[in-house]
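The values are calculated or read from the model by the stated rules, or taken from the named source; none is laboratory data. Keep in mind that what you see is a predicted model, and the values were worked out from it rather than measured. Please note: Cβ atoms are built from the backbone with ideal geometry, for glycine as well, and neighbour counts cover all protein chains shown.
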Amino acid sequence: MAKPTTYATPICIVLSILVIIGIVVGIWKHSPLLITILLLPAVGYEAYRTEGETTRWASWVMIAVIIAELIVIAFKINYDLVRLFDTNALYVGYTYLPLGNLKVMFPIIMIVLSFMLFLRTIGKYTKWLAILILISSIAIVYAIEPGMLKSLLHIGTDQSWRYMY
């Protein structure tokens, strides 16, 4: 059953303001924790609004990933996935994804999930939230490791992504 949209617009506006504050102050203060905390309500509302089987699954995985990101940042857990996989990149979906610190990998997963949600959801509010999550996740990556963002942008221009869809 479709979720009510009576208060969806004001809720999305408030969530947008929170996300913008989180991004601006978080990048200014070099605080990925602030960006992540202020993104959490948008991720929760996205999980509430999604109704399709795959989109609901992606939303709940995103909640788990953002909670894991909060834990990793708050407790200053540093683990380099390059050591685990013994390579600098993994071949996923017709392209190579760069590996790095666990703090960076969780927002990268959120970028992929929010992109998937944007493509698969029908509702304007779920698309709105997916865009907020996408932009915030990019800001989290930038706040943690700006060099990794450059690597991700290089992947986005790679010709191999056109075969993904």
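Of the residues Trp57, Trp161, the single one that is surrounded by fewer than 22 Cβ atoms within 10 Å (Cβ to Cβ), over 19 Å from His30 (Cα atoms), modelled with pLDDT of 90 or more and not charged (D, E, K, R) is Trp57.
Can you pull out every residue in segment 49-86 that is of a type in the set (Ser, Thr, Tyr) and within 19 Å of Ile111 (Cα to Cα)? Reasoning before the result, please.
Taking segment 49-86 first, the residues of a type in the set (Ser, Thr, Tyr) are 50, 54-55, 59, 79.
Correct list: Thr50, Thr54, Thr55, Ser59.
Here Cys12 meets each of (1) surrounded by 19 or more Cβ atoms within 10 Å (Cβ to Cβ); (2) touching a Gly at 6+ places or on another chain (Cβ under 7 Å) with one exception, condition (2).
Among the conditions (1) in contact with a helix residue (DSSP H, G or I) (Cβ under 7 Å, 6 or more places away or on another chain); (2) at pLDDT 70 or above; (3) more than 17 Å from Ile63 (Cα to Cα), the only one that Thr95 does not satisfy is (2). Residue count for segment 26-58 under the criterion of being among the small types (Gly, Ala, Ser) and in contact with a Leu (Cβ under 7 Å, 6 or more places away or on another chain): the result is 3.
Table: residues versus (1) surrounded by 22 or more Cβ atoms within 10 Å (Cβ to Cβ); (2) touching a residue at least 12 places away in the same chain (Cβ under 8 Å); (3) closer than 23 Å to Tyr7 by Cα.
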| site | (1), (2), (3) |
| --- | --- |
| Pro98 | no, yes, no |
| Met110 | yes, yes, no |
| Ala130 | yes, yes, yes |
| Ile133 | yes, yes, yes |
| Ala139 | yes, yes, no |
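Screening segment 1-118 for helices (runs of 4 or more DSSP H) wholly inside it with 1 or more residues that are hydrophobic (A, V, I, L, M, F, W, C), over 16 Å from Leu132 (Cβ atoms) and under 13 Å from the mean Cα position of the chain (by Cα) returns the ranges 53-74.
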